[in-house]
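Comments concern the structure below.
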Amino acid sequence: MARPTNSTEHFWQAVKYQPEVTVADLIQLLDTLAKKDWTPWLKGLDDDPKKYLPNAYAVEFLRHNLAPKRLRWFG
């Protein structure tokens, strides 16, 4: 994984200003993300120091933003 250089705000700004992306598309994306149990995938990253340590910021960013409460907030 590459080290992220953008914030959540940068992501949403990039999506927001793409004319082909609709609110319905974003809602569908959030629904799809919310249906997935990210725990095993995140645990796999946690358990592999070669993946986790160089990407700790990205992993924690994903852990925070893939949490069900956070996905509901985005919606």
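The values are calculated or read from the model by the stated rules, or taken from the named source; none is laboratory data. None of the values given here were measured: they were computed from a predicted structure. Glycine also receives a Cβ, built like all others from the backbone with ideal geometry; neighbour counts cover every protein chain displayed. Note: areas computed on protein heavy atoms with side chains; ligands, DNA, RNA excluded. Shrake-Rupley method; radii C 1.70, N 1.55, O 1.52, S 1.80 Å.
Only residues that are over 12 Å from the mean Cα position of the chain (by Cα) and under 16 Å from residue 8 (Cβ atoms) were counted across region 23-56, and they come to 1. For region 12-41, a residue qualifies if it is at pLDDT below 75 and part of a helix (DSSP H, G or I), and the qualifying residues are 12, 13, 14, 15, 16.
Okay, residues lined up against (1) aromatic (Phe, Trp, Tyr); (2) open to solvent by less than 60 Å² (accessible area, probe 1.4 Å); (3) touching a strand residue (DSSP E or B) at 6+ places or on another chain (Cβ under 8 Å):
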{"position": "33", "(1), (2), (3)": "no, yes, no"}
{"position": "52", "(1), (2), (3)": "yes, yes, no"}
{"position": "56", "(1), (2), (3)": "no, yes, no"}
{"position": "65", "(1), (2), (3)": "no, yes, no"}
{"position": "73", "(1), (2), (3)": "yes, no, no"}
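If you scan region 57-75, which residues turn out to be outside any helix (DSSP H, G or I) and more than 18 Å from residue 25 (Cα to Cα)? Result: 67, single match.
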